[in-house]
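Structure record follows, encoded as structure tokens.
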Amino acid sequence: MSTANRDPRPAAGRAGTKKELPERFKDYRHVWVFIELERGQVHPVSFELLGEGRKLADKLGVELAGIVLGPPGETTHSAVAEAFAHGADLVYCVEAPLFADYRNEPFAKAMTDLVDTHKPEILLLGATTLGRDLAGSVATTLQTGLTADCTELDVDTDGSLAATRPTFGGSLLCTIYTLNYRPQMATVRPRVMPMPQRVDKPVGRVIRHRLSVVEDEIVTKILGFLPDSQAAKANLAYADVVVAGGLGLGAAENLQLVKDLARAIGAEHGCSRPLVQKGWLSADRQIGQTGKTIRPKLYIAAGISGAIQHRVGVEGADLIVAINTDRNAPIFDFAHLGIVTDAIRFLPALTEAFTRRLSPHSRDKLAS
């Protein structure tokens, strides 16, 4: 859709922004969640966002809709059904062979057409590689605001989306509003929001939309598919138990203590950002706002101070155990259990205790 008729923006800053919506946006309603479907698989962040979208929709008294863009066939129909099972009231579906693989052009065109036709007030996407690429294009085309990598979403007293995210390198949290434009867009990283309970129910109302672009009009072509060579590496985001180390370990070789404990209890191991910067561990093991966001049942942090950048990546854990020599370390402000001691001496003792008490079979059940 052409953007030539859209009004120019006023001066930046909330103080200079009217809280009254322009007339053309007053009929925008409902909360939408993009259901990320790629090569037959729905990304779990889509279901996490449906859970959060349900809360926002209920506060606003509107419907929650899933957006499914996929190729004709069973995988797309299954994605539609799963959207209903995870809380959607209705689904907007665009089926076309062009959606067999992700390309920005057809996906962005379909999404912007849907928004212009059906007018949602909130649009949420996962902060994945695909979601970030699509969100930026859609927000730019629609000339609306986009808050990226949010850690919290809420509705303000005037009905505006309050999107909170870290800023200044993770040292502060700020809440961002899109007051005079619709839709209000936000991306959220995987595992930031809890997974809603799946409830089997019949497929509800599905609104189908025709894609107004054909293959010949798309510049990008898919020549082949190469699986991600990193796919078999660390899966911290979905691990039930995680053990991580920080600068308090003192030296790279002391990370072996973290790995030994993780192995003893059947956990994944990770680290804070400074250790990746020093080259002690690879980036796929980094935990925090600029690394992986995790929601394990148990998180053990050894020698990690707990700056806000790390906090926003782990505070969804069911149980956080912090080990640090500094009793004033920020991590003790949000840990459920704090142990003031030297992790280098404590970790071997803890590993030995677990090894004695846990059989291989019971290790698998530690997080259950």
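Per-peptide packing, taken as the mean over residues of other Cβ atoms within 10 Å, places 335-347, 307-319 in the sequence 307-319, 335-347 from highest down.
Net charge dipole, region 267-324: roughly 100 debye, given to the nearest 20, about the Cα centre with Cβ charges of +1 for Lys and Arg and -1 for Asp and Glu. Using alpha carbons only, how many degrees (0 to 90, rounded to 10) separate the axis of helix 74-85 from the longest principal axis of the chain? Approximately 80 degrees, to the nearest 10. When the pairs K26/K55; K55/K109; K55/K297 are compared against a 25 Å limit on Cα-Cα distance, K55/K109 fall above it. Around Y28, what is the net charge, scoring Lys/Arg as +1 and Asp/Glu as -1 over all other residues with Cβ under 13 Å from its Cβ? Around Y28, the surrounding residues sum to 0. Among the chymotrypsin sites (Phe, Trp or Tyr not before Pro) found in region 204-298, those both in a DSSP coil and sparsely packed, with 14 or fewer other Cβ atoms within 10 Å of their Cβ, are F225. The overall shape of region 233-277, judged from the alpha-carbon gyration tensor, is oblate: a/c is not under 1.5, and a/b is no greater than b/c. By the rule of a C-alpha distance below 16 Å, with chain neighbours fewer than 8 residues away ignored, the aspartates and glutamates paired with K201 are E82, D89. Surface exposure of the chain, expressed per residue as accessible area with a 1.4 Å probe, stands at 47 Å².
When semi-axes √(5λ) of the Cα gyration tensor in Å is calculated for this entry, the matching label among (i) 29, 25, 22; (ii) 40, 24, 19; (iii) 36, 22, 21 is (ii). Near N324, once Lys and Arg are set to +1 and Asp and Glu to -1 for all other residues with Cβ below 12 Å from its Cβ, the sum equals -2. Within the assembled protein chains, the solvent-accessible surface assigned to E38 is about 80 Å², based on a 1.4 Å probe. Based on DSSP H segments of at least four residues, each scored -39500 (n - 2.57), the chain has a per-residue ellipticity at 222 nm of -8500 deg cm²/dmol.
For region 236-300 versus region 94-150, the spacing of their alpha-carbon centroids is 33 Å.
Relative to the longest principal axis of the Cα atoms of the chain, the long axis of helix 255-265 makes an angle of roughly 80 degrees.
Share of carbon and sulfur in the accessible area of region 152-224 stands at 54%, probe radius 1.4 Å. Evaluating 6.51 cos²θ - 1.76 cosθ + 1.60 at θ = phi - 60° for every residue in region 104-110, the Karplus couplings come out as 4, 4, x, 5, 5, 5, 4 Hz, glycine and proline recorded as x.
The values are calculated or read from the model by the stated rules, or taken from the named source; none is laboratory data. Small disclaimer: the values here were computed from a predicted structure and weren't measured. Positions of Cβ are generated from backbone atoms using ideal geometry, with glycine treated the same way; all protein chains shown enter the neighbour counts. Just so you know, the surface numbers come from the protein's heavy atoms only, side chains and all, with ligands and any DNA or RNA stripped out. Shrake-Rupley method; radii C 1.70, N 1.55, O 1.52, S 1.80 Å.
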